[in-house]
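The values are calculated or read from the model by the stated rules, or taken from the named source; none is laboratory data. Model, not experiment: these values are computed from the prediction. Neighbour counts run over all protein chains shown; Cβ positions are idealised from the backbone, glycine included. Areas reflect the complete protein model, heavy atoms only, side chains present, ligands, DNA and RNA absent. Shrake-Rupley method; radii C 1.70, N 1.55, O 1.52, S 1.80 Å.
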Amino acid sequence: MTSLTKKIEKETYFDQYWDTRDLHSADLRSQQRAEIAYQLLTKKFGKLLDVGCGRGLNSVFFRDKGFEVEALDISPQAVQLTKSKGIKAFLMDLEEEEIKGKYDIILCLEVLQFVVNPTKVLLNLRQALCDDGEIILSLPNEFHLQKRWNVLWGQADFAGAKAPHLRLFNYPEIEKMIEECGLKIMDEKAISLVPPRLNYLTWLDHLLLQVSPNLFALSFIFNLKR
């Protein structure tokens, strides 16, 4: 298979990705991650790159906060949709191409689980980061209580149709990858399994995450610096 064929297959796959999503739930989770990402930032201004911009919701959120936003994705459809919202966006395969330019903030929210070599991609982000810049990285916790329960009952869908992840992460693996890339965790937050639409259960969020983040966190989000 030629590199061009592989590229087209990747682009086509991620063009189709959103057709299988529950967009309302996905949008609520995206909004939740964007708000937490903003809270974790110490820089509240500057040039920001939204990596894996998807439908452009995070890009718009940070533009409205006053950042100078650019975005990239491997999906031509995602790039066009993000452009239609007034964001400068471009097509890129982060495993094959190096990011040009430097950024004060790089968002990488729920992306690395979809790539073959996440360490290579994170290093790509690091080289595009200004010396005093910040990377906001979020990754799913693949071994939370619900997944373990599904495994127990033979209903696991690891790397399947519902969660087509190429890499499965838990907290120690994320921590190790970050260190190997010459980055340091400055701040972090666990995101609960409780859906954002059930915001009246915020108290339960806090309780469960205090008991065991590894069991009750849907994902982890980090502020990283060199």
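List, in order, the whole-Hz ³J(HN,Hα) value for each residue of the stretch 67-81 obtained from phi through the Karplus relation with A = 6.51, B = -1.76, C = 1.60 and θ = phi - 60°; use x for Gly and Pro.
Residue by residue, the stretch 67-81 yields 7, 8, 9, 10, 9, 9, 7, 7, 8, x, 4, 5, 4, 5, 5 Hz.
With θ set to phi - 60°, apply the Karplus curve 6.51 cos²θ - 1.76 cosθ + 1.60 along the stretch 167-181 and write out the HN-Hα couplings as whole Hz, x wherever there is a Gly or Pro.
Result, rounded to whole Hz: 10, 10, 10, 10, 4, x, 5, 5, 4, 5, 4, 4, 5, 4, 8.
Just by accessible area at a 1.4 angstrom probe, what is the order of L125, L207 from largest to smallest?
Greatest to least solvent exposure: L207, L125.
Do the alpha carbons of any pairs in K85/K184; K65/K120; K102/K184 sit beyond 24 Å of each other, and which pairs? Working shown, then result.
Numbers: K85/K184 33 Å; K65/K120 30 Å; K102/K184 19 Å.
Violating the 24 Å limit, Cα to Cα: K85/K184; K65/K120.
Largest first, how would D27, D187, D132 line up by accessible area (1.4 Å probe)?
D132, D187, D27
Using DSSP to call loops (not H, G, I, E or B), can you name the GluC sites (Glu not before Pro) in the stretch 33-132 whose Cβ has at most 16 other Cβ atoms within 10 angstrom?
Numbers: sites: E35, E68, E70, E95, E96, E97, E98, E110; in loops: E95, E96, E97, E98, E110.
Passing both the DSSP loop test and the Cβ count: E95, E96, E97, E98.
Would you mind checking which residues have amide H under 5 Å from S219's amide H? H placed 1.01 Å from N; only 5 or more apart, or other chain.
The answer is N141, I191.
For L107, L81, what's the largest-to-smallest order of accessible area, 1.4 Å probe?
L81, L107
Please give me, ordered by residue number, the trypsin sites (Lys or Arg not before Pro) of the stretch 28-75 that lie in loop per DSSP and have at most 12 other Cβ atoms within 10 Å.
K44
Starting from the amide H of E110, placed 1.01 Å from N in the peptide plane, find each other amide H under 5 Å away whose residue is 5 or more places distant or on another chain.
S138, L139
With θ set to phi - 60°, apply the Karplus curve 6.51 cos²θ - 1.76 cosθ + 1.60 along the stretch 27-43 and write out the HN-Hα couplings as whole Hz, x wherever there is a Gly or Pro.
Using θ = phi - 60°, the values come out as 5, 5, 5, 4, 4, 4, 5, 4, 5, 5, 4, 5, 5, 6, 5, 8, 8 Hz.
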